[in-house]
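Nothing in this text is a laboratory measurement; each read-out follows from the coordinates by a stated rule. It should be emphasised that the depicted structure is a prediction, and the values quoted were computed from it without experimental measurement. Cβ: placed from backbone, ideal geometry, glycine included. Neighbour counts: every protein chain shown.
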Amino acid sequence: MNVALFFGGMEHSLYPDLFDECLNRVDGFLIIDTPLNRQAHAQVFNRYFPADVVKEALYIEPHLVGDMIQQIKQWQGEYNIVLSVNVTEEFLVSAAFCNDYFRFENPGVMAAKISSDKRIQRALMSEFSPKEYQCDTPSADIDFPVVVKPTDSHGGQGFTILSDEEAWQRYLPRLTENMVIEQYIQGVDSSVETLVVDGEVVFQGVTEEISLPAPLDFLEMGYYQPPLNFSEECVATLKDYTKTLVQRVQFRTGILHAEFRIRPDGRIFFIEFAARPPGDSVLAMYRHSTDASLEAQFLNVLQRETVNMPKAKRFAGQHFYTNLPSPLPDWLQSPYQNRNCYEDTEYRVPTRCLSARNSSGIQEFVQLTTKATRDRPESSADRQGFIIYTAPTHSDMQQLSRTIASTLHAKKGE
């Protein structure tokens with residue numbers, strides 16, 4: 001029996017199309033995940049997939065690599081593991097160790113370790129990175145504002161912005177060795193999704209991020225794929241920087257998700273990278289913009305098959321919302337009203353299972369939670385859901401994006 005091994009597999013609602021594509025290649029899944037993720041997501045895993053799709057599962061803390069190896073050895077006596085995929089931060093390094101041990105295709109231990117440590121990333125990409133400071137840097141030598149972030153954080157977690165010397169002095173007693181202190185760059189964020197085989201880049205796609213105004217600009221509130229506001233030169237530079245990153249971290253095989261910030265003067269700064277697929281709905285947006293599956297191409301990489309990802313045929317956009325207008329406007333009345341699993345123990349339907357869609361308009365309307373949140377969002381937990389939409393031309397996309405953003409970002413009661 002052919003199976004796929006998934007580290008962090010109970011997070012399937014983040015990557016529904018990836019699991020769906022896997023079922024075109026395998027008979028089921030072996031899952032390694034944390035006890036916490038089992039508690040949060042196991043009851044809903046089979047709501048979309050067949051009841052027997054998970055053949056076996058191991059719920060374990062990510063640092064217990066030896067126990068994982070023993071379990072995988074046992075599984076190899078019963079199943080033919082044809083590919084291994086990690087989809088979560090928790091298992092980046094431990095999955096790489098296991099995959100190296102069993103010679104499954106993967107980014108490699110070095111790349112996985114570096115993706116978990118911002119200080120190493122800064123050292124390797126110093127000429128592309130924000131200026132870094134130390135705890136003992138005299139305040140007179142600091143160009144405020146600065147941002148303090150844990151070396152192992154991701155997605156804006158644990159970030160603190162210090163706007164002036166007074167804030168710096170107050171924060172100094174809390175600084176530790178596992179924090180990075182660096183110049184705070186204001187601008188537009190972008191990500192580059194890169195497929196790599198044996199260190200060779202075989203595909204690159206660029207996504208433009210939509211963020212809140214500073215100081216909450218670390219919080220992604222949407223995306224454009226392909227970018228709506230980037231020049232060709234900017235896109236080419238983002239790709240070149242990412243190719244340099246692939247070489248310097250010795251990324252072997254898989255998908256690399258790199259994030260950058262573009263200042264108003266056009267200068268591009270490297271922020272961080274992950275040795276795993278991108279989160280939110282970035283992968284789904286590639287399907288909406290190209291009518292092809294980046295997930296399938298990622299699996300092709302892991303199975304040494306040909307990669308052939310087409311260019312975008314249209315623009316795709318995503319907007320998260322923190323509250324929904326009531327009543328819903330006419331343009332939001334959509335047949336694609338699905339629910340995500342987290343708060344309501346429901347599932348996110350794979351993109352390709354949606355009904356046939358037009359090239360313009362609302363494609364997905366997903367509600368993440370029904371809980372009330374703050375009027376002013378402060379973290380990803382405040383995002384209530386999202387809308388994905390498409391438009392055939394640049395001008396059509398600009399107009400539709402303005403309409404959606406002005407409605408979804410209106411204050412409650414407006």
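By the count of other C-beta atoms within 10 Å, a proxy for reagent exposure, 330, 33, 17, 143 are ordered fewest to most as 330, 143, 17, 33.
Database remark: amide H of residue 86 closer than 5 angstrom to the amide H of 7 (H placed geometrically; neighbours at sequence offset of 5 or more, or on other chains; Pro and chain starts carry no H). Footprinting exposure proxy ranking of 20, 136, fewest other C-beta atoms within 10 angstrom first, gives 136, 20. A simple rule links phi to the HN-Hα coupling: the Karplus curve 6.51 cos²θ - 1.76 cosθ + 1.60 with θ = phi - 60°, which for the stretch 267-275 gives 6, 9, 10, 6, 10, 5, 9, 10, 8 Hz, with x for Gly and Pro.
Across the stretch 120-132, coupling constants 3J(HN,Hα) worked out from phi with the 6.51/-1.76/1.60 Karplus curve, θ = phi - 60°, read 5, 4, 5, 5, 7, 10, 4, 6, 9, 9, x, 5, 9 Hz, and Gly and Pro carry x. Starting from a Cα-only point model with no solvent, please compute log10 I(q)/I(0) by Debye for the stretch 186-312 at q = 0.18 1/Å. Listed by q, the Debye log ratios stand at -0.96. Note that the stretch 74-84 has calculated 3J(HN,Hα) couplings of 5, 5, 5, x, 10, 10, 9, 7, 9, 7, 10 Hz, one per residue in order, obtained from phi through the Karplus relation 6.51 cos²θ - 1.76 cosθ + 1.60 (θ = phi - 60°); glycine and proline are x. Cβ-to-Cβ counts within 10 Å put 115, 231 in ascending order as 231, 115, the fewest first. Between residue 52 and residue 120, the FRET efficiency estimated from the beta carbon spacing at R0 = 51 angstrom works out to 0.75. With both labels modelled 7 Å from their Cα along Cα-to-Cβ, the residue 67 to residue 305 distance reads 3.5 nm.
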